[in-house]
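The values are calculated or read from the model by the stated rules, or taken from the named source; none is laboratory data. Given the structure is predicted, the values throughout are model-derived calculations rather than measurements. Virtual Cβ from ideal backbone geometry, glycine too; neighbours counted across all protein chains shown.
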Amino acid sequence: MKILAVDAALGACSVAILNDAQLLAHHFAIMQRGHAEALAPMVEAAMRDASLNYDALERLAVTTGPGTFTGQRVGLAFMRALRVALEIPLVGLTTLSVMAHQAMAERGVGTGIVLHDARRDEVYLEICGSISSPSRLLSFEDAVARIVEINEATVLAGSAAARAKPHLPDAVLSSVLQPDALWVAKLGLVAPAPGGPPKPLYLRPPDAKLPERA
């Protein structure tokens, strides 16, 4: 199965194309802004690298969040448009689950924990593997307390993982700080066929508010 996957939800922009286990193309760039301008050219470059036309694709995958308000909408909008144009399934995956699975594979550990800085002394937390817990927004202190309760080998990922490591001496630290579309593609290949287009995952309402009516 040929799958195109993208991520633009956090501090990177990436694209990957797989044909089952075979890697056809992969582009990854760290960036805090500019995802809207970078994503389409990156996809075009990946398609050229893979020597594919869009009608050869059989599945799409994208991260749904949590992430930056603009970044996750950029990726979702782009891929939802491709889904309609190509009439093929689009799988949605959380940014944190993608990072957790990459960290688990990197360090050979069965439970992956992602703590990603959400500012305001809060983190996005998700636990994947033999123990699982969906994405949630917690204070840093509450997130660490939740992890301390886990009595098995764990690997940490995300931008707040290094801060948490001194409180979690039995956990190992991975190099994973951002989602990578390569792992979006790998997980998207084995995900169940979706019943409809994925929706963005917002764990915190946007700071911007519409003006109240007079």
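Numbers at a glance
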| quantity | calculated |
| --- | --- |
| Every residue from segment 11-30 that is modelled with pLDDT of 95 or more and surrounded by fewer than 18 Cβ atoms within 10 Å (Cβ to Cβ) | Asn19, Asp20, Gln22, Leu23, Phe28, Ala29, Ile30 |
| Filter pass, Gly11 being in contact with a Pro (Cβ under 6 Å, 6 or more places away or on another chain) and touching a residue at least 12 places away in the same chain (Cβ under 8 Å) | no |
| Segment 169-214: number of residues that are small (Gly, Ala, Ser) and modelled with pLDDT under 95 | 5 |
| Residue within segment 49-59 that is touching a helix residue (DSSP H, G or I) at 6+ places or on another chain (Cβ under 6 Å), outside any helix (DSSP H, G or I) and farther than 18 Å from Lys186 by Cα present | no |
| Scope segment 6-36; condition under 18 Å from Asp49 (Cα atoms) and polar (S, T, N, Q); matching residues | Ser14, Asn19, Gln22 |
| Residue, nearest to Gln178 (Cα to Cα), within segment 103-159, restricted to residues that are of a type in the set (Asp, Glu) and in contact with a strand residue (DSSP E or B) (Cβ under 9 Å, 6 or more places away or on another chain) | Asp117 |
| Only listed residue being small (Gly, Ala, Ser), crowded, with 24+ Cβ neighbours inside 10 Å, touching a Ser or Thr at 6+ places or on another chain (Cβ under 6 Å) and touching a residue at least 24 places away in the same chain (Cβ under 8 Å), chosen from Gly67, Gly112 | Gly67 |
| Pair list, Cβ under 6 Å, 6 or more apart: segment 192-204 residue closer than 30 Å to Arg120 by Cβ, other residue part of a loop (DSSP other than H, G, I, E, B) and among the aliphatic types (A, V, I, L, M) | none |
| Enumeration of residues in segment 84-107 that are assigned by TED's automatic domain parsing to the domain that holds Trp183 and surrounded by fewer than 19 Cβ atoms within 10 Å (Cβ to Cβ) | Val84, Ala85, Leu86, Glu87, Ile88 |
| Meets criteria (assigned to a strand (DSSP E or B), crowded, with 19+ Cβ neighbours inside 10 Å and touching a residue at least 24 places away in the same chain (Cβ under 8 Å)) for Val74 | no |
| Evaluation of Arg83 against (1) more than 22 Å from Val190 (Cβ to Cβ); (2) part of a helix (DSSP H, G or I); (3) over 16 Å from the mean Cα position of the chain (by Cα) (one fails), failing number | (1) |
| Qualifying residue in segment 92-99 (condition: within 20 Å of His167 (Cα to Cα), modelled with pLDDT of 95 or more and in a helix (DSSP H, G or I)) | no |
